[in-house]
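**Q** Please find one structure pasted underneath; my questions will follow.
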Amino acid sequence: NAGVHAAGIVISKDPLVDYVPLYRGNEGQAVTAYEMGILEKIGLLKMDFLGLSNLTVLAKAVENIKQTTGKIIDPRNAPEDDKKTWDMLARGETTGVFQLEGGGMTRWAVQLKPQSVRELAALVALYRPGPMGEIPKFINYKFGIDNPKYLDDRMQPILEETYGVIVYQDQVLKLVQALAGFSLGRADILRRAMGKKDKEAMDSMKVEFMAGTAEREIAADSAEQVWELLLPFAGYAFNKAHAVCYAILSHQTAWLKANYPVEYMAALLAVYRTKEDRVTAFIEECRRMKISVLPPDVNRSVSDFSIEKVGKGKEVIRFGLGAIKGVGDGIVESIIKEREENGPFTHLYEFCERIRHYWHKLNPLNYLPITFHAIDKPDRIHFSTRVTMRQWKFIIQCCQR
């Protein structure tokens, strides 16, 4: 029952088999039989390469915006002073916003009412085991409800940016450097010892820390309080660069949702179309936002969720055929190809007759969800519950003769 890191890559200058035993994971990938700590001790480098679906969402949203407006936008240029974005987050409308979804994070976003990427970065960094208890302080200090208390004046320039609260690993390193005279390298060793709860190493370095603070005329009880203050953060806090990168993505996704709601929600639905729970949540959010999501239509739908204009140019989202449960990409491609080459479908029997040449790809019964959801009347083939299993089997038999 060995666990495999979702994004961990082990790097070596020579073939890995020269250093570590390997085995095949469930998906056939090579996996080291040693865990991370041992790999580090024998001199191998482990790095985490994270793939974020939200980057695909951003790209899809940009594509949708170009299609509907003709504009070519770059989310990296999203203005930080956009009032619509911050007002939306302050109302707790965070569904589909990177890192800010979920009841807990949404509640804190409403209370904090962030107005900058810097504040978003702090919230993202604090919403973790250990630092999470400091979020109320952060909010109270921001709005002046309480005033931060510094155990030593040398802490203020390091913590001013975050309203007097330790938020980042970088601040832990700087505090140890300023208060105890540690080099940054030595401070990082202390941070790692705290993070791994290495009692022997921590006891040894605490003696060094207390001696360093004494040399700088910091009272022993104040030094002890600083030490206890650092403990929860050293092991769990984000480094600032990581938090800011996440916050930038949070801001970009929030800006798109606030300013291009239809295009952004269509992008979310398209990217997560195979995840039923996410599709359900996003459709509910569309309803709240008064964005219509039209049912699948074999004459209008493509594989992904797409944007259409109805009435007097109102933008709506069309349900994608590929998002219907039980329908594979093969049949969807076949339907679209047949429609493009020979025109729209007119009724159920004609639909089945025209796609029967593609039935060798899949079990014909796999088509049932499409006809069940996407066929109604000659001029508007989309939704019907009138197709029974008996009718469907009869249609298949007729078309297969």
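**Q** Among the residues that make up the stretch 346-353, is at least one of them of a type in the set (V, I, T), modelled with pLDDT of 90 or more and either outside any loop (DSSP other than H, G, I, E, B) or out of contact with any strand residue (DSSP E or B) (no Cβ under 9 Å at 6 or more places or on another chain) (or both)? Walk me through it before giving the result.
**A** Residues of the stretch 346-353 that are of a type in the set (V, I, T), as a first pass: 346.
Cutting the leftovers down to modelled with pLDDT of 90 or more gives us none.
No, every residue in the stretch 346-353 fails to be of a type in the set (V, I, T), modelled with pLDDT of 90 or more and either outside any loop (DSSP other than H, G, I, E, B) or out of contact with any strand residue (DSSP E or B) (no Cβ under 9 Å at 6 or more places or on another chain) (or both).
**Q** Given (1) polar (S, T, N, Q); (2) more than 27 Å from P261 (Cβ to Cβ); (3) modelled with pLDDT of 90 or more, identify the lone condition not met by N26.
**A** Condition (3) is where N26 drops out.
**Q** How many residues does the stretch 277-292 contain that are surrounded by fewer than 13 Cβ atoms within 10 Å (Cβ to Cβ) and either aromatic (F, W, Y) or within 13 Å of F319 (Cβ to Cβ) (or both)?
**A** Result for the stretch 277-292: 1.
**Q** Evaluate the stretch 191-199: report whether one residue or more is farther than 20 Å from L151 by Cα, among the charged types (D, E, K, R), more than 33 Å from the chain's Cα centre (by Cα) and buried (at least 16 other Cβ atoms within 10 Å of the Cβ).
**A** Looking through the stretch 191-199, none of the residues is farther than 20 Å from L151 by Cα, among the charged types (D, E, K, R), more than 33 Å from the chain's Cα centre (by Cα) and buried (at least 16 other Cβ atoms within 10 Å of the Cβ).
So that you can scan it fast, the table gives a plain yes or no per residue for (1) at pLDDT below 90; (2) not β-branched (V, I, T):
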position	(1), (2)
V165	no, no
L175	no, yes
M194	yes, yes
E217	no, yes
L229	yes, yes
P232	yes, yes
Y236	yes, yes
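**Q** So which residues in the stretch 66-90 are in a loop (DSSP other than H, G, I, E, B) and exposed (fewer than 12 other Cβ atoms within 10 Å of the Cβ)? Full working, then the answer.
**A** Of the stretch 66-90, the ones in a loop (DSSP other than H, G, I, E, B) are 70-74, 78-82.
Matches in the stretch 66-90: G70, K71, I72, D74, P79, D81.
**Q** Continuing with the same structure: Kindly indicate which of L45, L22, L16, L50 is surrounded by 13 or more Cβ atoms within 10 Å (Cβ to Cβ) and in contact (Cβ under 8 Å) with a residue 12 or more places away in the chain.
**A** L16
**Q** Taking the stretch 137-168, which residues are surrounded by fewer than 16 Cβ atoms within 10 Å (Cβ to Cβ) and part of a helix (DSSP H, G or I)?
**A** D153, R154, Q156, P157, E160, E161
**Q** Now, a different point. Return the pair list, or none, for Cβ contacts closer than 9 Å from residues in the stretch 94-119 that are of a type in the set (K, R) to residues that are assigned to a loop (DSSP other than H, G, I, E, B) and surrounded by fewer than 17 Cβ atoms within 10 Å (Cβ to Cβ), at least 6 apart or on different chains.
**A** As it stands, the answer is R107/G92; K113/F143, since those pairs meet every condition given.
**Q** Are any residues in the stretch 254-296 small (G, A, S) and in a helix (DSSP H, G or I), and if so, which ones?
**A** A254, A258, A266, A267, A270, A281
**Q** On to the next question. Just to be sure I understand the filter: pairs with C-beta atoms under 6 Å, separated by 6 or more residues or on different chains, first member in the stretch 241-253 and in contact (Cβ under 8 Å) with a residue 40 or more places away in the chain, second member of a type in the set (G, A, S) and surrounded by 24 or more Cβ atoms within 10 Å (Cβ to Cβ). Which pairs pass?
**A** A243/A121; A243/A125; V244/A121; A247/A121
**Q** Something else about it: Residue under question is S334, and the condition is that it be over 30 Å from D74 (Cβ atoms) and free of Cβ contacts under 8 Å to residues at least 40 places away in the same chain; does it hold?
**A** Criteria met by S334.
**Q** Quick one: how many residues across the stretch 118-136 are in a helix (DSSP H, G or I) and either basic (K, R) or buried (at least 18 other Cβ atoms within 10 Å of the Cβ) (or both)?
**A** Final tally of qualifying residues: 12.
The values are calculated or read from the model by the stated rules, or taken from the named source; none is laboratory data. Only a predicted model underlies this, so the values are computations on that prediction, with no experimental measurement involved. Cβ sites come from the backbone with ideal geometry, for glycine too, and all protein chains shown count toward neighbours.
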